[in-house]
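Just below is one structure, and these are the notes that go with it.
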């Protein structure tokens, strides 16, 4: 070690340092702020950091979802479209089933009504006569034997029927409640089956009229 003596006059610009003052002197601003922060302030700063991190993560997630889920959305739209088609088919099938049941009930109601009130056939004959003007002695009225007997009984006192020059022909093949009026040049079919087909044709159906009762 050098034992060279430094002249005092060369040390005039050197200030005396108190080591105690270094221990208790001012600290860097960052250390000072951390030391002075209260627990509440520290918790608030931590909460702000968490919220900022959450918002940044949420924004990034949304961005990724928008950019990467188009195939999934297309698949979902296709699935929804398929479900809608299935629902439409089901509704159509259900509507057809309901209509079929309604038509069968209508048949039962018509037949039951004719059994309870057989005189309803007279209205059918009147309609057939009005649709076929110019009846002559060559006109034939085909009816079920039971309906024919009823018509003969009523026609004797009915002004519309008693003067008609026609011939009533009993046809057991015809169902009660209907008739068929045939003139030399034209014909009026008022059988139950024909009238039934006219009604259901307007509904877009072609269900056959058949005997569903015993």
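Since every read-out is calculated from the coordinates, none of them should be taken as a lab result. Being a predicted model, the structure only gives us computed values, none of them experimental. Positions of Cβ are backbone-derived with ideal geometry, glycine not excepted, and every protein chain shown enters the neighbour counts.
Fully extending the segment from residue 108 to residue 83, taken as 0.36 nm per residue of separation minus the present Cα-Cα distance, adds 5.2 nm.
From the largest down, region 88-214 spans 58, 32, 24 angstrom on the principal axes of its Cα atoms. The simple Förster model, with R0 at 35 Å and r as the Cβ-Cβ distance, assigns residue 59 and residue 91 a FRET efficiency of 0.20. Sorted ascending by nearby beta carbons within 10 Å, beginning with the fewest, 90, 161 become 90, 161. Listed from fewest to most Cβ neighbours within 10 Å, the set 139, 38, 186 follows the order 38, 186, 139. A Förster radius of 45 Å combined with the Cβ-Cβ distance from residue 43 to residue 74 puts the calculated FRET efficiency at roughly 0.45. Going by neighbour counts of Cβ atoms within 10 Å, the residues 207, 147, 97, 171 line up, fewest first, as 97, 207, 171, 147.
How high is the FRET efficiency between residue 158 and residue 199 when r is their beta carbon distance and R₀ equals 30 Å, given to the nearest 0.05? For R0 = 30 Å, the calculated efficiency reads 0.65.
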